[in-house]
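Accompanying notes for the structure given below.
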Amino acid sequence: MNIVVAVKQVPDLIEELEINEEGTGLDPDVLSFVLNEFDDHALEEALLLKEEAGATVTVVGVDTTGELDQALYTAIAKGADKAVKIVGDFEEGERMPTPIMARLLADAIREMDYDLVFVGVQAADDLDGQVAPMLAALLGLPHVGVVVGVEKADGAVKVHKEFWGGITADVLVETPAVLGIQAARQAPRYAPVSRVRQAMKEATIEEIEVDDLPEAPDASVCRMFIPEATGRAEMLEGDEEAVAGKIVEILKERGLV
């Protein structure tokens with residue numbers, strides 16, 4: 001079984017974020033990037049399948065930050081077998097539209113030997129959850145999203161899919177297929193710094209160079225801004241009856257009741 005895991009880097013939300021001068025996005029000059037949390041879970045689920053079924057794991061990503069090598073070497077240190085980086089004349093640090101990223105990934109994966117493609121169900125910088133279904137459509141493959149576990153079956157995989165209210169269902173999916181991973185069966189493993197450094201010395205990252213970006217529609221951001229404070233909350237004190245009475249008075253004053 002051959003598994004391809006698509007990964008991307010996103011702004012580190014622990015760090016303070018700043019908006020660019022145009023007010024249309026984050027300032028890439030002050031951003032630090034980390035591996036998308038859901039992609040880390042996708043990698044972990046692939047590594048679990050490797051341990052259980054002898055799979056080969058290939059990690060691939062579009063280098064929009066200039067820092068993807070660190071994430072790829074870390075993936076190898078965790079147990080991935082190969083790493084592929086898509087490079088080109090990208091706006092470094094800028095968010096790449098989902099349709100374009102899906103097309104670049106599809107062009108690269110199409111040339112690989114794969115049975116399954118794992119993608120994080122969403123990413124912190126868009127939250128649209130569309131890379132996996134777009135990738136499946138471009139590759140002409142079935143897709144299952146919000147996956148919380150994958151097991152090998154005869155000529156297929158048994159996929160544990162989560163629905164609303166914590167309901168889960170098992171779906172038998174023939175391969176090849178694209179799966180949007182929400183959570184691995186266990187927390188993503190830690191790669192010691194020494195192992196990452198060893199991967200940097202011994203492993204090779206394959207590069208795929210893109211000359212021209214594909215054209216694809218995308219929503220444009222008109223304005224991005226920090227929430228503006230317009231006033232302070234009024235705290236109501238007293239027992240339930242007193243607070244309820246004050247709420248009614250406020251609603252009447254503002255003509256709401």
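Every number here is computed from the coordinates shown, using simple stated rules; none is lab data. As the structure is a prediction and not an experimental result, all values here were calculated from the model. Every residue, glycine among them, receives a Cβ derived from its backbone with ideal geometry; neighbour counts consider all protein chains shown.
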Per GNM of the chain with C-alpha springs under 10 angstrom, the most fluctuating residue out of Val60, Val117, Val243 is Val243
Interchain or sequence-distant (5+) residues whose placed amide H lies within less than 5 Å of the amide H of Gly145 are Gly180
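Report, in deg cm²/dmol and to the nearest 500, the calculated mean residue ellipticity at 222 nm for the chain, where each DSSP H run with n ≥ 4 adds -39500 (n - 2.57) and the sum is divided by the residue count.
Values: 6 runs with 73 residues, N = 257.
Result for the chain, helices only: -9000 deg cm²/dmol.
Quick one: if the Förster radius is 41 Å, what FRET efficiency do Val221 and Asp154 give, using the C-beta to C-beta distance and rounding to 0.05? Mind dumping the intermediate values first?
Details: r = 48 Å, r/R0 = 1.16.
Calculated transfer efficiency: 0.30.
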For the pair Leu251 and Glu18, the simple spin-label estimate (label points 7 Å beyond Cα toward Cβ) gives in nm 4.6 nm
With a Förster distance of 30 angstrom and the Cβ-Cβ distance between Glu228 and Gln70, calculated FRET efficiency to the nearest 0.05 equals 0.25
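Considering all alpha-carbon pairs of the stretch 185-257, what whole percent are spaced by more than 21 angstrom? Spell out each step's value before the answer.
Details: 1917 of 2628 pairs.
Cα-Cα pairs of the stretch 185-257 separated by over 21 Å account for 73 percent.
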If amide H atoms are modeled at 1.01 Å from N in the peptide plane, then the residues at a separation of 5 or more from Ile208, or on another chain, having amide H under 5 Å from its own are Lys85, Ile86, Val87
Mean-square fluctuation maximum in Gaussian network of the chain, Cα pairs under 10 Å, restricted to Lys78, Lys201, Lys161, hits Lys201
Out of Phe118, Phe38, Phe225, a Gaussian network model of the chain with alpha-carbon springs under 10 Å gives the largest mean-square fluctuation to Phe225
Diffing the stretch 18-26: the Karplus 3J(HN,Hα) column from phi (6.51, -1.76, 1.60, θ = phi - 60°), in whole Hz with x for Gly and Pro, holds 10, 8, 5, 5, 6, x, 10, x, 7
Treating every alpha carbon of the chain as one equal point scatterer without solvent, the Debye formula yields log10 I(q)/I(0) values at q = 0.08 Å⁻¹ of -0.40
Amide H proximity to Asp27 below 5 Å, modelled H, separation 5+ or other chain, gives Glu18, Ile19, Asn20
Note on the stretch 67-166: contact order normalised by length, alpha-carbon pairs under 8 Å, 6 or more apart, percent, works out to 17 percent
